[in-house]
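The values are calculated or read from the model by the stated rules, or taken from the named source; none is laboratory data. Note that the structure is a prediction, hence the values are computed from the model and not measured. Ideal geometry is used to build each Cβ from the backbone, glycine not excepted, and the neighbour counts take in all protein chains shown. Accessible surface areas use protein heavy atoms only, side chains included; no ligands, DNA or RNA. Shrake-Rupley method; radii C 1.70, N 1.55, O 1.52, S 1.80 Å.
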Amino acid sequence: MPSEECNDAWLETFRAAVQDPERTERQRALKSFGQDFTRDAIIAEECPRIFDDTYLHILRCYGDRFESVRTLAVAAMDALLGKLPPNDYYLGCIVPVLAKRIGQAETIEDSEEVRLQLLEQLKTLVAKYSDPDGSRSGDPLLKVLDSVIDTLIKSLRDPFPAAQKKSCEIVIALAEATSSLHYRAEALVAPAKSILTHRHSANRIAAVEALGVLSLHILSNGDCVSEIIMAVSPLLMDDVPFVRRACGRVGCLMLQKLRDRYSFFHRILPLVLNCLCDDTVQVREDIEAGWKQAGELYYRENETELSKAALIETVPQGYPVERYRRPTLACRAIVQRSLRVVNLVLHEMEEWKENIRLQATKLLKQIVLHAERSFSTLFLEVNPVLAKACMDAEKSIVSEALSVCELMGILLDYDTWSQHMLATFQNYPTIGQLRCMRTLFASCVQDEAKCKDVRKFATLLLDPDVCHNHRDAVYQRELLEFCSILASTGQKQEALTARLEEITVSESNDGTAGEQLTLERTLYTVALKVVAFCYGLEDRASVRDLGMTVLGLLDSNIDRLHQHHLASVLSKIEHLESENSDASTSILLLCGIVAVCGFQDSYFTILNETLQKAVAHAAPEGKVKLFSAISVAMLSWNVHNAQSEEDQIAMLKALTDAVIAPHLVWSAGRSAESVRAMATACFASMAQGVDTNVYMSLLPTYLNVLSGLIDDNCIATRAYSLKALVRLQALNFESLKLIAFPIMSRLDDPSGEVRELAAVCLGRLQLDVALSEDGQQNTVERWQDILRQILSVMFLHLEHPETKLRCAIFDSLKRLHTDNRELIERLASDVPSGCSYKKDLETITSRTKTT
């Protein structure tokens, strides 16, 4: 660097060099100039004169055709500006040049790096001439404000991401540097909004922060502020937590510094409250701190009113302190005065996008948490939308909606929602309304009021539209859970049985039903119907188990419940006189009840009459389903009946004669064949579930019909008729003669199952001489003649290739050998020694002799 006396010569050399046609000369001169200022080789007092002598030449290089020269020129000016005092004269010289280079409608500066460098220079100028309160030189930036704003309008739309981000930073710096931004702040809103959809999260964050600052300088256009809030709001669902945090910070900033902010509370609150329930802990903690600061400011501004409220404030009964931190009084007051926001939230909750619905539901939860009892006035408006959210296809939305219901149940007065829910559910018994009502009732902490109305809620569930909804397993589960809650509520004060019997409910509101049902009977009816509709559905096993659990809550002895209340349920089943198919609600309900409850003496008469009526009028497929249920119930006959044999025989005979036997008679048609097969299955189930003595006392009456069914065309009928005979005991000769040959003929049946059953049944044929009407000797001889023919056929089938059939015949021969030893040994000895089954027969006879 030349000495002080040679400054003029040095400057002249510099000016000549930067105008030299050679690029390298210009570069060398600009680089040397910048290095001299960087090394502090020039004293500050000389800088103004140097600026006057050189700035035109340096600024002219801003338009040089070589990018490297333009870059060095900007760097040289930066070095010079660093030494200059904050005189607005310099500002007026440089800013217009910057505006010309990067603020025109068309792009003048084509280098992205140079544009970024020029923006850096502009930011430096804004910081250097910062005078927000006008204390130094009367807001020097005001003189160049239009040029700066025009430059930012262009650069905010710059395709270079770094330039966009830098422009947002300049907007924030400009707001801090001058009090005059409000003159042109609105002009920057649209360009800044365009960055909100940028793919880089850093740019989105910078745009959100810039828009937040701009909103504070828009003094008269409330619509523009609203546009900013609406533009920022979608970023609350951004995938990047820091973007969401920026939205929350802008909301807190607006709550504290926005002009006329009270009128914008209802629009600003979603920005803050959404972040309070963010999935990221850092976001929640950061915004919670800003939210508290906003509340403290509001408290100071309204201290007179809020201080009085603070004196009488108490924590609501049952407040879930383990899951929620109660907001401060001032924060609650802000929300309570801004409940207009609920209208916006309800609109968002019905959007078609899942993430919007989820975010809106979370926001509603925060509003309820802050509004507490003040939310009561909005319940009627919120309930339909909330019920819809409770049955949303997205499980996370349902979970949040139920959380809202839970909070409302805790924080709102019981009278606020109870009557409305009763009326609404009666008209619209959807699963959403059911979930909403169940959660409200379960979370309500006003036990005395709940106990008074428990009968009203139980009555609602008796409606056929509710408890007969058998197509939706989720609905059934919700119904049972509500029954469980109602049962638990009924036992708050004392033992459940005593409590439930004291509370009575009318079955219908119009008084048409004269019978008064106990609450126990009401809940029993609902739970039993749900369990009954689950009969035969494997995917409803969990629902069925829950239903049995509910019944167990009512009485640990479920059979006792059936004894007390099932007759009432059966008498109320409607439309049994119609020609019901197997999909009919009445048939499904009756079949489920029969299969689940079985047959007991206390309700047998009405159940028999109900089945008789249903079978008489049902369509063939309905009859098949009814007989299937009866056969299932027969398997548990001994479990439910411990009466004397005479009483059991009377019950079974009444059921068989009235319901089963009429359909054992042959009639033409495929439908009749199916009905006949299932009616026969009832006898097969009796053979397994009924006491042997009782069954054998009943069986001889129907042997004539069963013997014909053994030769039925339907394989299933033949199999069931043989299953009905597998537990035979000793019979008289006429009965044995009736069934012996039909059974023997089934050894050649096309069905392997039927052949095996026939072989088993032959081993159960046993003569009871005491029951014979003729002389004993004569009867035995006649039976021996028949048995001889049967044994010969059985011997022949020992050569059958089926192993199972041979084993069944072998076992039957051993059973028959016990009472017919001489006959079987004689026939066995007549078998030629070369027969394959000769050894098997010898094994039977030798074992018996050994024994």
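Side notes on the structure shown:
- Rounded percent of accessible protein surface that carbon and sulfur make up, the chain, 1.4 Å probe: 49 percent
- Cα centroid of the range 723-757 to Cα centroid of the range 429-460, whole Å: 60 Å
- Highest average packing first - 784-796, 361-373, Cβ atoms within 10 Å: 361-373, 784-796
- Taking every DSSP helix (H) stretch of at least 4 residues in the chain, weighting each as -39,500 (n - 2.57) and dividing the sum by the residue count yields a mean residue ellipticity at 222 nm of -21500 deg cm²/dmol.
- Measuring spread by the Cα atoms of the chain yields a radius of gyration and Dmax of 46.9, 160 Å.
- Partner lysines for Lys292 [C-alpha distance under 17 Å; skip if fewer than 8 residues away on the same chain]: Lys257
- When you count the other C-beta atoms within 10 angstrom of each residue and take the mean per peptide, 430-438, 483-491 line up highest first as 430-438, 483-491.
- Along the axis of the charge dipole computed for the chain (Cβ charges of +1 for Lys and Arg, -1 for Asp and Glu, origin at the Cα centre), the listed residues Tyr428, Gln789, Gly708 are led at the positive end by Gln789.
- Taking the longest Cα principal axis of the chain as reference, the axis of helix 838-850 is set at about 70 degrees.
- Between the range 777-836 and the range 152-229, the alpha-carbon center distance in angstrom: 104 Å
- Projecting the Cα atoms of Phe51, Leu480, Leu722 onto the dipole axis of the chain, where Lys and Arg carry +1 and Asp and Glu carry -1 at the beta carbon, places Leu722 farthest toward the positive end.
- Average accessible area per residue (Å²) across the chain - probe 1.4 Å, nucleic acids and ligands excluded: 44 Å²
- Degrees, to the nearest 10: 145-155 long Cα axis against longest axis of the chain: 40 degrees
- In a simple Cβ point-charge model (Lys, Arg +1; Asp, Glu -1; nothing else charged), the chain has a dipole of about 540 debye relative to its Cα centre.
- Against the empirical 2.2 N^0.38 Å (N residues), the range 530-663 has a Cα radius of gyration ratio of 1.02.
- Positive-pole candidate from Ser829, Ala629, Pro86, dipole of the chain, charges at beta carbon: Ser829
- Relative packing of 753-766, 685-698, which averages over residues the other C-beta atoms within 10 Å, highest first: 753-766, 685-698
- With Cα atoms, 0 to 90° folded angle of helix 265-276 axis to the chain main axis: 60 degrees
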